[in-house]
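In what follows, a single structure is set out as C-alpha cells and then discussed.
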Amino acid sequence: MNALPPALDKLATLLSRLPGVGKRSAMRWAFHILGEPSTYAESLARALGELFEHVGFCERCHALAEDALCAVCQDGTRERTVCVVESAQDVIAIEQTGSYHGLYHVLHGVLAPLKGVGPDKLRLDGFEARLRDVDAVEVILATSTDVEGEATALYLGQRLGPTGVAVTRIATGIPMGGDLEYLDQSTLARALAGRRAMD
Amino acid sequence: MHLVAFSAEHFRNLAPFRLEPHRRFNILEGRNGQGKTNLLEAVYLLSAFRSFRDGRNRELVAFGQERATVFAEIVKKGVSRTVEVAITPKGKRVALDGKAITSLPDELAHLSVVLFGPDDLVLTKEGPQLRRRFLDRAVYAVSPEYVNELRAYGVALKNRNRLLRQAQEGRLDPAVIAAFEKELVAHGARVMLRRLQFLESYRPHFVRVFSEITGGELAGGITYRGLGKASLADATVADLEARYRAVLDEARQTDLRRGFTSVGPHTHDLGFTIGGRPARTYASQGQHRAFVLALKIAELHRIHDAIGDYPVFLLDDVSSELDEERNAQLMRYLDSAGGQVFITTTDRRWIHLTGDTAVWRVAEGRVSAEVG
C-alpha cells in the first residue's frame, strides 16, 4: 500500500525535476511545505503563477523583462556597447559587478553541433540590425571559455566583421587573489598571451 | 608511494575485502577468471578514476548491487591520505581525505599507477590506437592537466565531425565549421606539444633501458609520427598550429566527402625502431618483448623524475608471456628499483623476487592472505 497522499507525491515528483534536487530532497521539501502554515504554500503558489504572468524576455536583447523591454533597454543613459552573453543569468551577474554600463544581447545558448544547435537556434535574428539601431560602437563577446563558447565567439567575430563595429573578447586569465602556482597551465598560458602594458 | 590499506565492496565479482598490502611486492595468485585482474583494476581506478578496460560503469558493480566502492589509504612522501571511489547509477564519485572532489586534474597526482598488461605486450605489433593510449596515459601520469587538453580537443573534434556530416546533408555553414576548426587547431596543437615534450624527456630513459636489456647490441628509438614527414622536434605551439592548420586545409575536401576528420593528434602514432629499422616488421620475437619491457620500465623512471617517487606498478599476468630471459630481467629490475608492486599470476613459480613479498590467493572472487 502506498501511504503517500497523491497530492504530496505529485508535488515531490515536480520538485525532483529541479536541477540538483534528488528524490529524497524533493520529498523533504514537500513535507516541509506541508508543515508550514498554509499561507506559505499559498504565497509560493502565487509566486509561481506570477512568474509567467510577469516575467518574460526582452524583445530587443532577450534578457529577463517584466515588460516588452527589459530595464536595461529602457534605460536611456546606457552606453552604445553591446555585451553578448549565453544566458539571462549572465546579464544579472555582469549587472551586479556595477562596472558595465552598456547594453546586452542574450543568445540563449552557444553553438553546439553535437546538440544540434546551429546559429539558427540562437537569438541572432536581426542582431546586425539591432547594432545599427543602437548605433553600437563595440560588441563584447562574453561567452564562456569552453570549446563551444570559444567557437561561438569566433563565429560571431567573423560574422560581425562586415558591420565595421569593433569586436572584443572578454579577457581570461588569473582570478583575483589567485596564486600563479595553483593555476592550470592552459589558464596560465592564456593569461601570459593576454598580458597588457602597465599604465 | 604505496597503499597501506586497500578495500572494496561490490566491485565486480570480488567479495568485500580489506587488505594491508606489502609495501614492496604483492603477488596475487589464482587460476584464470577468479578476479585477480579485478583487483588490479580497483587499484587503477583509485588513480585514474576510470578503468583500464573498455566498458560501462555499470559493469564495475557486482550483479544485483546498486553501487560499488573502492577505498585505499595511501602514503606518499610520508604523508597519509585516503581516496575513495564510489560507482553509483549516477556516475562515479571521488573523495579524497573524505572530501568530495570535482576538479580531476589537480587531484590525479595523489596516486601514480603504471599498468603493464597484455595490451602492452602487443604495443609494437598492433595498430596505432594502443600506442596512442599508451602515450596519452604516460603523458598524464606526469602532466595531469593534459586530461583537460585532450578532452577539449575531443569536444572540438566531435563537433567538427558532426558539422562534416551535416554538410553532407546539404547543411553546410562555412562560418560555423571555420569557428570549430580554429578550436580544433588550438587544442590539437597543445595536445601535440604535450606529447612531444613528454617524448623528449622520456626518450633518454627508454634508450638507456633498452640498451641495458639487450646488452647494447642494437639501439632502440621512438619518434612521434604526425603532420607529415618533417620533424616536429623543437616545434612551438605556434608552429604546431600553423602545421596542423595547413594539413587540415588540405584534408578538408576529403573530410567533407568522408564525414570525419582524417588529420590531427587523434590519428598520430609512435614510430618504434630497432637499429634504425621499424620494429613492427624487423624485430625478432625477443626484441619485441625487450622493447615493451623497456617502454614500461622507462615510464617508471620518467614518473620518478617528475614526482620524486616510484609509482605503484601493476603487472597483469605478463611473466607467462615474456620469455625466460626477459622475465628474469624484469624481476631483476623490480628487485633493484623501489616502489610497491602488484603482480597477478597463475603460477607463482614465474615470480623470482628476492625482496619482501606477500602472497594473496584469489579464488572465486575471494581474496585471502597466504599464511606462512
Exercise for the section: Would you mind telling me which numbered condition in (1) more than 14 Å from every other protein chain (Cβ to nearest Cβ); (2) under 26 Å from the mean Cα position of the chain (by Cα) B:Leu218 fails? Expected result: (2)
Handout entry: Every pair of residues 6+ apart whose Cβ atoms lie under 6 Å, when the first sits in the range A:141-158 and is more than 8 Å from chain B (Cβ to nearest Cβ) and among the hydroxyl-bearing types (Ser, Thr, Tyr) while the second is open to solvent by 20 Å² or more (accessible area, probe 1.4 Å) and not in a helix (DSSP H, G or I)
Key = A:Thr143/A:Glu86; A:Thr143/A:Val110; A:Thr145/A:Thr172
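With the condition being acidic (Asp, Glu), I'd like the helices (runs of 4 or more DSSP H) fully within the range A:1-101 carrying at least 2 qualifying residues. Walk me through how you get there before you give the answer.
Details: elements: A:6-15, A:23-35, A:38-54, A:71-74, A:88-97.
In the range A:1-101, the matching helices (runs of 4 or more DSSP H) lie at A:38-54, A:88-97.
Given the criteria more than 25 Å from B:Arg132 (Cβ to Cβ), under 25 Å from the mean Cα position of the chain (by Cα) and not assigned by TED's automatic domain parsing to the domain that holds B:Gln197, does B:Ser319 qualify?
On the way: more than 25 Å from B:Arg132 (Cβ to Cβ): yes; under 25 Å from the mean Cα position of the chain (by Cα): yes; not assigned by TED's automatic domain parsing to the domain that holds B:Gln197: yes.
Here the answer is yes, as B:Ser319 does meet what is asked.
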Practice task
Report, by residue number, each residue of the range A:84-109 that is under 11 Å from the mean Cα position of the chain (by Cα) and of a type in the set (A, V, I, L, M, F, W, C).
Solution key: A:Val84, A:Val85, A:Ala88, A:Val91, A:Ile92, A:Ala93, A:Ile94, A:Val106, A:Leu107
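Residue-by-condition table, conditions (1) modelled with pLDDT under 90; (2) touching a strand residue (DSSP E or B) at 6+ places or on another chain (Cβ under 8 Å); (3) not hydroxyl-bearing (Ser, Thr, Tyr):
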| residue | (1), (2), (3) |
| --- | --- |
| B:Leu45 | no, yes, yes |
| B:Glu59 | yes, no, yes |
| B:Gly64 | yes, no, yes |
| B:Lys77 | yes, no, yes |
| B:Lys90 | yes, no, yes |
| B:Gly98 | yes, yes, yes |
| B:Asp106 | yes, no, yes |
| B:Asp120 | yes, no, yes |
Practice task
Filter the range A:104-129 for residues that are more than 26 Å from B:Glu181 (Cα to Cα) and open to solvent by less than 20 Å² (accessible area, probe 1.4 Å) and give the result.
Solution key: A:Tyr104
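State the number of residues belonging to the range A:81-107 that are out of contact with any His (no Cβ under 6 Å at 6 or more places or on another chain) and within 30 Å of B:Leu164 (Cα to Cα). Spell out how you get there, then give the answer.
Here is the first cut: in the range A:81-107, the residues out of contact with any His (no Cβ under 6 Å at 6 or more places or on another chain) are A:81, A:83, A:85-105, A:107.
Still in the list and also within 30 Å of B:Leu164 (Cα to Cα): A:85-87, A:105, A:107.
Total satisfying the criteria: 5.
Looking at B:Ala179, B:Ala242, B:Ala246, B:Ala230, which one is within 14 Å of another protein chain (Cβ to nearest Cβ) and among the small types (Gly, Ala, Ser)? So that I can check it myself, show each step before the final result.
On the way: B:Ala242 fails: within 14 Å of another protein chain (Cβ to nearest Cβ); B:Ala246 fails: within 14 Å of another protein chain (Cβ to nearest Cβ); B:Ala230 fails: within 14 Å of another protein chain (Cβ to nearest Cβ).
Only one candidate passes the filter, namely B:Ala179.
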Exercise for the section: List every residue pair whose Cβ atoms lie under 9 Å apart, where the two residues are 6 or more positions apart in sequence or sit on different chains, the first residue falls within the range A:41-67 and is closer than 12 Å to A:Val106 by Cβ and of a type in the set (A, V, I, L, M), and the second residue, located anywhere, is open to solvent by 100 Å² or more (accessible area, probe 1.4 Å) and assigned to a loop (DSSP other than H, G, I, E, B). Expected result: A:Ala65/A:Glu59
Exercise for the section: Go over the candidates A:His108, A:His62 one by one and state the one that is in contact with a strand residue (DSSP E or B) (Cβ under 7 Å, 6 or more places away or on another chain), on the phi > 0 side of the Ramachandran plot and not hydroxyl-bearing (Ser, Thr, Tyr). Expected result: A:His62
Practice task
Go through the range A:128-140 and give me each residue that's in a helix (DSSP H, G or I) and either in contact with a Cys (Cβ under 6 Å, 6 or more places away or on another chain) or within 14 Å of another protein chain (Cβ to nearest Cβ) (or both).
Solution key: A:Glu128
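Going through A:Thr168, A:Thr163, A:Thr187 one at a time, which residue ends up being modelled with pLDDT under 95 and surrounded by fewer than 16 Cβ atoms within 10 Å (Cβ to Cβ)? Break it down stepwise before answering.
Numbers: A:Thr168 fails: modelled with pLDDT under 95; A:Thr187 fails: surrounded by fewer than 16 Cβ atoms within 10 Å (Cβ to Cβ).
Answer to the selection: A:Thr163.
Condition check ((1) at pLDDT below 85; (2) crowded, with 22+ Cβ neighbours inside 10 Å; (3) in the same structural domain as B:Ile177 (by TED's automatic domain parsing)) across all residues:
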| site | (1), (2), (3) |
| --- | --- |
| B:Leu232 | yes, no, yes |
| B:Glu250 | no, no, yes |
| B:Leu256 | no, no, yes |
| B:Ser262 | no, no, yes |
| B:His266 | no, no, yes |
| B:Asp269 | no, no, yes |
| B:Gly275 | no, no, yes |
| B:Leu293 | no, yes, no |
| B:Ile343 | no, yes, no |
Practice task
Taking B:Leu353 as meeting all but one of (1) open to solvent by 20 Å² or more (accessible area, probe 1.4 Å); (2) modelled with pLDDT of 85 or more; (3) farther than 24 Å from B:Gly220 by Cα, write down the number of the exception.
Solution key: (2)
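Looking only at the range B:302-316, which residues are closer than 22 Å to B:Thr37 by Cα and open to solvent by less than 40 Å² (accessible area, probe 1.4 Å)?
B:Pro311, B:Val312, B:Phe313, B:Leu314, B:Leu315, B:Asp316
The values are calculated or read from the model by the stated rules, or taken from the named source; none is laboratory data. Computed from a prediction, not measured in an experiment: that's the story for all the values here. In this analysis, Cβ positions are derived from the backbone assuming ideal geometry, glycine residues included, and neighbour counts consider all displayed protein chains. SASA here: full protein model, heavy atoms, side chains in, ligands and nucleic acids out. Shrake-Rupley method; radii C 1.70, N 1.55, O 1.52, S 1.80 Å.
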